[in-house]
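Written out below as structure tokens is the structure these notes cover.
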Amino acid sequence: MWRLIVVGVALAFSAGCDRLNDLTMRMAGWETIVLESHPFELRAQGRQFLSQAALTSRGEVSVCVVLKTDAGEQPPPFRSAEFEALMKGAVLTATLESEAGRVYSLGLPSQAWKLNGVVSDGPELAACVSNGDEASIPAGEVIRTVQIRSDRPLTVLGVYWQSEPPSGGAKG
């Protein structure tokens, strides 16, 4: 087993550090799924996504909107001026409905930066809303629909879902 891990790490290093991070995140139970890969304007009435792939909660859930692609080789400082300018003061919220009919609200805001983008090939800057540590969605809960809203018009370049085991580890 350890040989397989060593080979996986070596292959990941040959593909780049961010690929290693992606591999590590998947091995730790993270799931990332693109819901929309084309630009659109997000508004107060929101945009609903019906799950084409199984969106399964690992406990902590985030829905992220990509604000900028080609976002530079280094992560910006948290709550950077660039992030604030892209957000234009908008507040995001999301509502999830499970296959069992349970409804969950996401509203804890955060900024995300990825060297290897989720909806593009390059670095991305995104705004995310999550349920946070305190309000875990039960692991194994399958989400049927995702609705994300912005209290004012916001141009986004794509949307993705990310879920990870509770309280967990490094954010990426």
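The values are calculated or read from the model by the stated rules, or taken from the named source; none is laboratory data. Please read all numbers here as calculations on a predicted model, not as lab measurements. So basically every Cβ, Gly included, is an ideal-geometry build from the backbone, and we count neighbours across all protein chains shown. Only protein heavy atoms, including side chains, enter the accessible area calculation; ligands, DNA and RNA are left aside. Shrake-Rupley method; radii C 1.70, N 1.55, O 1.52, S 1.80 Å.
Rundown of residues vs (1) modelled with pLDDT of 95 or more; (2) surrounded by fewer than 19 Cβ atoms within 10 Å (Cβ to Cβ), yes/no style:
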| site | (1), (2) |
| --- | --- |
| 109 | no, yes |
| 113 | no, no |
| 119 | no, no |
| 137 | no, no |
| 141 | no, no |
| 150 | yes, no |
| 153 | yes, yes |
| 158 | yes, no |
Original post:
If the Cβ limit is 7 Å and pairs must be 6+ apart or interchain, which residue in region 47-64 that is of a type in the set (Asp, Glu) pairs with which residue that is part of a strand (DSSP E or B)?
Top reply: 60/130; 60/163; 60/164
**OP:** Test each condition in (1) open to solvent by 50 Å² or more (accessible area, probe 1.4 Å); (2) small (Gly, Ala, Ser); (3) in a loop (DSSP other than H, G, I, E, B); (4) within 19 Å of residue 31 (Cβ to Cβ) for residue 132 and report the one that comes out false.
**Re:** (1)
Original post:
Pairs under 7 Å by beta carbon, first residue more than 21 Å from residue 42 (Cα to Cα) and touching a residue at least 24 places away in the same chain (Cβ under 8 Å) in region 69-91, partner in a loop (DSSP other than H, G, I, E, B) and open to solvent by less than 50 Å² (accessible area, probe 1.4 Å), six or more apart or different chains?
Top reply: 72/123; 73/123
**OP:** Taking residue 50 as the residue in question, decide whether it is over 16 Å from the mean Cα position of the chain (by Cα) and either in a strand (DSSP E or B) or at pLDDT 95 or above (or both).
**Re:** yes
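Restricting attention to region 62-111, which residues are of a type in the set (D, E, K, R) and over 22 Å from residue 34 (Cβ atoms)?
Our first condition is that a residue be of a type in the set (D, E, K, R); within region 62-111, this holds for 68, 70, 73, 79, 82, 84, 88, 97, 99, 102.
73, 79, 82, 84, 88, 102 - these are the residues of region 62-111 that are of a type in the set (D, E, K, R) and over 22 Å from residue 34 (Cβ atoms).
Among the residues of region 69-110, what is the count of those that are of a type in the set (S, T, N, Q) and within 17 Å of the chain's Cα centre (by Cα)?
5
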Subject >> Matching residues in region 74-102 - criterion: being open to solvent by 40 Å² or more (accessible area, probe 1.4 Å), assigned to a loop (DSSP other than H, G, I, E, B), of a type in the set (A, V, I, L, M) and touching a Ser or Thr at 6+ places or on another chain (Cβ under 9 Å) >> reply: 91
Subject >> Unmet criterion (only one of (1) closer than 18 Å to residue 156 by Cβ; (2) at pLDDT 95 or above) for residue 97 >> reply: (1)
